[in-house]
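To start, the structure itself, in structure tokens.
The values are calculated or read from the model by the stated rules, or taken from the named source; none is laboratory data. None of the values given here were measured: they were computed from a predicted structure. Virtual Cβ from ideal backbone geometry, glycine too; neighbours counted across all protein chains shown. When the accessible area is computed, the model is the full protein with side chains, heavy atoms only, and any ligands, DNA or RNA have been set aside. Shrake-Rupley method; radii C 1.70, N 1.55, O 1.52, S 1.80 Å.
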Amino acid sequence: MNGPPTKKPVQIKDGNVLPRVKHCIAVASGKGGVGKSTTSVNLALALQKSGARVGIMDVDIYGPSLPLLMGIHQQPQATPEKKILPIEKDGLRLMSLGFFLEENSPVIWRGPMATGMVTQFLKDVLWGELDYLIIDMPPGTGDVALTLTQQAPLAGAVIVTTSNDLSTVDARRGMTMFQKVDVPVIGVVENMSYFTPPELPDKKYYLFGQGGGQRVADALGVDFLGEVPIDPRVVEGGDAGKPIVVDHPESDAAQAFFSLAQEVSNRVEKLAKPSISVLDSNITWEK
Ligand SMILES: Nc1ncnc2c1ncn2[C@@H]1O[C@H](COP(=O)(O)OP(=O)(O)OP(=O)(O)O)[C@@H](O)[C@H]1O
Ligand SMILES: [Mg+2]
């Protein structure tokens with residue numbers, strides 16, 4: 001599944017894709033299970049709480065988890081014009097492969113189906129005006145990830161990692177995929193960094209080793225965006241459709257997501273501004 005991203009014709013990004021979305025941000029990781037979906041949902045909610053209009057598009061073909069994380073038990077409706085209405089929850093507009101894929105269908109069938117659906121999500125979902133569309137990517141660099149990086153007008157990507165060597169290697173692979181299509185990597189966030197026992201609030205136990213995320217960021221030459229601690233309430237809330245940013249906004253994990261949202265929005269705003277050199281090249285100086 002993670003073969004080299006070659007041979008496919010690179011599709012020109014189409015101006016009709018998500019024209020009313022200001023910033024499309026991919027949340028990606030080299031390998032599964034590092035907390036990509038958790039980060040997507042809590043980052044989206046943190047951005048929304050700061051006043052932004054936010055959507056989430058979950059295109060993780062292996063484990064679309066948005067329905068579970070957001071506690072959604074309904075299917076999106078279509079309009080007579082065959083446009084799809086996103087589901088609205090907690091002020092977010094949501095679309096997930098999980099709304100359509102049968103849970104137990106084998107990945108070999110899901111692949112081609114999912115690739116088609118992703119294109120539909122980009123063109124036929126009535127997202128409306130959004131400041132941010134957060135895209136929960138599948139792990140690695142398979143077909144769906146490639147389709148998305150080629151077709152979506154991505155402002156940048158956030159790489160999620162945990163602090164161990166293996167995911168360092170994988171994160172690098174993910175980064176290369178974005179570089180190939182000129183999508184800037186906004187930075188690296190380290191999830192499940194440390195644990196603070198409730199009875200020892202000043203202690204931080206780095207269970208997977210300390211500083212892995214920072215090392216990945218340094219190795220890739222991108223910014224390190226911060227550490228999100230381990231909190232059992234993330235798991236409980238995830239299973240119950242209650243993200244920690246909503247249910248325990250005062251917790252360190254939620255605070256880490258709020259600060260991640262701030263870091264991401266600062267950087268994306270800067271990326272969106274045309275640089276001086278671009279402006280310069282359009283100016284004809286009068287003599
Ligand atoms: N900061 C955290 N503290 C405690 N548990 C966490 C944290 N972040 C994620 N988890 C848990 O780790 C598991 C994996 O997280 P998540 O599903 O977000 O990862 P993922 O990268 O999207 O995985 P997949 O590759 O399967 O899509 C989940 O059970 C989630 O609740
Ligand atoms: Mg996931």
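Less than 5 angstrom separates the built amide H of residue 193 from those of 228, 230, all sequence-distant by 5 or more or on a different chain. Relative contact order, whole percent, for the chain stands at 25, derived from Cα pairs under 8 Å and 6 or more residues apart. The listed residues 230, 159, once ranked by accessible area (1.4 Å probe) with the largest placed first, stand as 230, 159.
For the range 152-214, rounded, prolate or oblate, judged on the Cα gyration tensor with a ≥ b ≥ c (square roots of eigenvalues), a/c < 1.5 rounded, else prolate if a/b > b/c? Prolate shape, in that a/c is at least 1.5 and a/b is the bigger ratio. This model, with +1 at the C-beta of Lys and Arg and -1 at the C-beta of Asp and Glu, gives the chain a dipole about its Cα centre of some 840 debye. When the surface is traced with a 1.4 Å probe over the full set of protein chains, residue 192 keeps roughly 60 Å² accessible.
Extension gain, residue 270-residue 20: 0.36 nm per intervening residue step, less the Cα-Cα distance, totals 88.1 nm. Sorting 176, 38, 149 by accessible area puts them as 176, 38, 149; the probe is 1.4 Å, largest comes first, and only protein heavy atoms count. Extension gain for residue 89-residue 259 works out to 59.0 nm (0.36 nm per residue, less the C-alpha to C-alpha distance).
Ligands, DNA and RNA aside, residue 81 has an accessible area near 130 Å² when probed at 1.4 Å. When the pairs 82/123; 31/270; 82/242; 49/89; 83/123; 36/123 are compared against a 20 Å limit on Cα-Cα distance, 31/270; 82/242; 36/123 fall above it. The calculated 222 nm mean residue ellipticity attributable to helices in the chain amounts to -11500 deg cm²/dmol, summing -39500 (n - 2.57) over DSSP H runs of n ≥ 4 and dividing by all residues.
For residue 20, the solvent-accessible surface computed with a 1.4 Å probe is close to 130 Å², ligands and nucleic acids excluded.
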